[in-house]
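The values are calculated or read from the model by the stated rules, or taken from the named source; none is laboratory data. No experiment lies behind these values; they were computed from the predicted model shown. All Cβ positions, glycine included, derive from the backbone under ideal geometry; neighbour counts span all protein chains shown. Quick note on the areas: whole protein, heavy atoms, side chains included, nothing else; ligands and nucleic acids left out. Shrake-Rupley method; radii C 1.70, N 1.55, O 1.52, S 1.80 Å.
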Amino acid sequence: MRALLATFCFATLAGCAQMPAGFAGAETSNMRLVGSNDLQGRTAYQPTIQRQGDRWIAYVGHHGDRKPNPLTGQLEDNGTSIVDVTDPAHPRYLAHIPGEEGKAEQGGAQMVRICPGATLPKGDKAKFYMLRVFGNQAHEVWDVTAPERPSLLTRIGGNLKGTHKNWWECDTGIAYLVGGDPQWRTTRMTQIYDLSDPARPVFIRNFGLVGQQPGATGPVPISVHGPISTGPRGNRVYFGYGTSTDGVLQIVDRQKLLTGPKEPTPENLLAPQVARIDLPPMHGAHTVFPLLQVDVPEFARNLLGRVRDFVVVTDEAIQKECLEGRQMVWVVDITTETKPFGVSNFTVPESSGNFCSRGGRFGTHSSNENMTPLYYRRLMFFAHFNAGVRVLDVRNPFALKEVAYYIPAMTESTVVLETPASQRASGLPFTAVSERRAIQTNNVEVDERGYIYIVDRANTGMHILELTGPAREIADWSKAAK
């Protein structure tokens, strides 16, 4: 049953403040708020949580904008927020690293990954390193061993046409950097680097769909959004292309990708491809999360097919007021990789909260990407814009079941998510609903302690949550970090 809270808490449930006039309370089921941070009122994209010795640090990438930084007294272009979340009830803002000038997708530093030097083959074992994008121009590696005092090590690129969601293998140092080589026909493809020594990047190759490479003709395939690699042991890289339209899930042999011929000919681009599935025109592949070696209880007595492999594909909702196809969660069975097929899906029932008329976007955006054994193969977490974060029981991927959710309360910092001029000019029948303020939960991540972190695109900040009730019992707490 949906619970409407009469009060909300800025940092801890022990100290709740009365709701300002005109603000609705949080809506929650089997989740509770542990703590929050306003992230200096910056529009947020991606959180990544890293244990650094006895501390837990949250690194949050931001969309482009410009806000004052109370720590420096300066007006700074949105970049990367660094927050100490060791005590999740009292998160402490440590530093802000400015990003590229520009609004929304044209500036900021949306994406961030962290690797300990202790795992990187050529890293300083005492250090921690941050990989982030710098707007649409470049990628950067920072030394964040002392997160209060980050220092720039190196910059990759500087003349790219676009950047987005990178993946960094901490055990090998291989980094899959989403960018736009000026010679390629798309704003986003994949440039693979060896960052085993974070201060000395070594270029390996460019990669993308056939038709994106230099010299190709005809229609340009949809751009990549982001990869997830299973490293040498799994020997697969899962690429998601598109966000809300013309999506592609591509499964790639990692070894062939890294060691095969590098010249971007059609033959060389296809050589490492294991399988490709093209989504319908009105769905993208914003996030593609491998859910592998799932022991499906329903098939316990079957001779074959009990242990199966899946990829969970999450679309991105783009338009306000539901002026597009519903963007959802889709599960693809890849047990036989060359013959993938869809087996289930999930969406929040619109009528459960009148979400199309709330304001902002309604639909999915992304899933968690941390594969901590505490949750892996048991629970997944999905950012659902104005429907907050939704938690699914994925123990049987053929029958997904929602077990928890949390929609934060708006605050004075919450803004109306701007409708781009290109969308206004498209002729879509926007109404006054598009000018309503609304929660816009953009991304979600979890840490090995079991805390859930959600960040808001409409400047409401970061909320740290935990599961309660029956949902909490699904996790394997024997695997939680102490």
Just want to confirm a number: the relative contact order over region 270-373, from Cα pairs under 8 angstrom separated by 6+ residues, in percent.
27 percent
Among bridges DSSP assigns within the chain, what percent are antiparallel (round to 5)?
100 percent
If you look at just the Cα atoms of region 59-170, how large are its Rg and its Dmax in Å?
14.0, 41
Which of the trypsin sites (Lys or Arg not before Pro) found in region 297-328 are in a DSSP loop and have at most 13 neighbouring Cβ atoms, other than their own, within 10 Å?
R301
Working out 0.36 nm times the residue gap between E412 and N302, then minus their Cα-Cα distance, what length gain in nm do you get to one decimal?
34.0 nm
Prolate/oblate/rounded label for region 36-83 (Cα gyration tensor, a/c 1.5)
prolate
Inter-label distance, nm, simple model (7 Å from Cα along the C-beta direction), Q273/N354
4.7 nm
Ordered by packing density, taken as the mean number of other Cβ atoms within 10 Å over each peptide's residues, highest first, how do 237-245, 146-154, 330-338 rank?
237-245, 330-338, 146-154
Alpha-carbon radius of gyration plus Dmax, which is the widest Cα pair, for region 179-281 in Å
13.4, 42
Taking 35 Å as R0, compute the FRET efficiency from the Cβ-Cβ separation of A481 and T336 and round it to 0.05.
0.50
How much solvent-accessible surface does I222 expose, in Å² to the nearest 10, with a 1.4 Å probe and all protein chains in place?
50 Å²
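Cα convex hull of region 118-224: mean projected area in nm², to one decimal?
The Cα convex hull of region 118-224, projected and averaged over all directions, gives 6.6 nm².
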Any chance you could list P(r) for region 255-322, counting all Cα-Cα pairs in 10 angstrom bins from zero, rounded to whole %?
15, 26, 32, 21, 6
Rounded to the nearest 20 Debye, what is the dipole magnitude of region 198-334 about its Cα centre when Lys and Arg each give +1 and Asp and Glu each give -1 at the C-beta?
560 debye
Protein accessible area in region 41-115, 1.4 Å probe - carbon and sulfur %
49 percent
Please state the equivalent ellipsoid semi-axes for region 350-458: what are the square roots of 5 times the Cα gyration tensor eigenvalues, largest first, in whole Å?
29, 15, 12
Sparse-neighbourhood loop sites, GluC sites (Glu not before Pro) in region 422-455 - DSSP loop, at most 12 other Cβ within 10 angstrom:
none
Percentage of Cα-Cα pair distances in region 203-358 greater than 19 Å, rounded to whole percent?
59 percent
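Give, to the nearest whole percent, the P(r) tail of the chain beyond 30 angstrom, counting all Cα pairs.
So the pairs more than 30 Å apart make up 43 percent of the total in the chain.
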For region 157-211, compute the orientation-averaged projected area of the C-alpha convex hull (one quarter of its surface), in nm².
3.9 nm²
Over all viewing directions the Cα convex hull of region 387-444 casts an average projected area in nm² of 6.3 nm²
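Stokes-Einstein at 25 °C, 0.890 mPa s, Kirkwood radius from Cα pairs: D for region 400-480 in µm² s⁻¹?
The calculation lands on 160 µm²/s.
Label region 332-371 by shape, choosing from rounded, prolate and oblate, from the square roots a ≥ b ≥ c of the eigenvalues of the Cα gyration tensor; if a/c is under 1.5 it is rounded, and otherwise prolate applies when a/b is larger than b/c, oblate when it is not.
Prolate, since a/c reaches 1.5 and a/b exceeds b/c.
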Quick check: the distance between the Cα centres of region 70-144 and region 218-272, to the nearest angstrom?
27 Å
Taking a 1.4 Å probe, which of D54, D246 shows the most accessible area, and what order do the others take after it?
D54, D246
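Are any of the pairs K161/K256; K256/K479; K67/K125; K103/K161 more than 24 Å apart by Cα-Cα distance, and if so, which?
From the list (K161/K256; K256/K479; K67/K125; K103/K161), the Cα-Cα distance tops 24 Å for K161/K256; K256/K479; K67/K125.
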